[in-house]
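The values are calculated or read from the model by the stated rules, or taken from the named source; none is laboratory data. Worth saying up front: this structure is predicted, and the values here are computed from it rather than measured. No Cβ is skipped: glycine too gets one built from the backbone with ideal geometry, and neighbour counts run over all protein chains shown.
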Amino acid sequence: MSRRPRALLAGAALSTALAATALTPAPAAAGIVAPPDKIVIEIATVNGSGCPQGTAAVAVAPDNTAFTVTYSEYLAQVGVGAKPTDFRKNCQLNLIVHVPGGFTYAVASADYRGYAKLEPGATAVQKASYYFQGSPDTAQKSHPYRGPYDNNWQATDQTDWGQLVWAPCGAKRNFNINTELRVSAGTSDPARTNSFIAMDSTDGDIKTVYRLAWTECPK
């Protein structure tokens, strides 16, 4: 494919269903209250065809209420110029979250930004799931798109405070984020056309924002 349009602001988000297997955090009022100390998020591992080495980065908001994952090469495509394996791209991030003492966190929402160009008859889907290391439960959210489509894609989902599941207090658990982009030619002609869905851009990075909720652990 000779050209990819710039991906503008758009979003898709995940619902949180993470299993807390240790102490339950103390009740807190609805809202985001960040701990006074800075949190640090590091990438332990990054694997997948959608995030080759060096193309994904994590940054934490100054107020500790969000972190951003930036992708620079995340695109699935079919048709002219595409390889047979390009119809599906995925990325798995394993994050080390250094949480200030006495606090725990949950993911309240996540906004994904992307662009899609789908020929009539073509379809695409964006999927995402995340979980704490050692948890048997994985939440997954899918957002389908159908051609003809040539625009930013957007979908939002947010977890209510009462339904948040928190990271276990007093235990170090890496946080895993799995995302996938998939596109199908459907009834379109892949010999003459190209369809794609992207979380990247030729002239600017796409940033995925995960918003955190905080509460104090029991003494």
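All conditions but one from (1) in contact (Cβ under 8 Å) with a residue 60 or more places away in the chain; (2) farther than 16 Å from residue 176 by Cα apply to residue 68; the one that does not is (2). Answer with yes or no whether residue 113 is farther than 16 Å from residue 48 by Cβ and of a type in the set (D, E, K, R). Yes. When segment 129-176 is limited to residues that are of a type in the set (A, V, I, L, M) and at pLDDT 75 or above, the one that is surrounded by the fewest Cβ atoms within 10 Å (Cβ to Cβ) turns out to be 171.
Inspection of segment 38-48 identifies no residue that is buried (at least 20 other Cβ atoms within 10 Å of the Cβ) and among the small types (Gly, Ala, Ser).
Checking the structure you have, find out if any residue of segment 96-105 is touching a residue at least 24 places away in the same chain (Cβ under 8 Å) and touching a Gly at 6+ places or on another chain (Cβ under 7 Å). Within segment 96-105, not a single residue is touching a residue at least 24 places away in the same chain (Cβ under 8 Å) and touching a Gly at 6+ places or on another chain (Cβ under 7 Å). Filtered by the rule that a residue be within 16 Å of residue 115 (Cβ to Cβ) and modelled with pLDDT of 95 or more, segment 178-205 gives 181, 182, 183, 194, 195, 196, 197.
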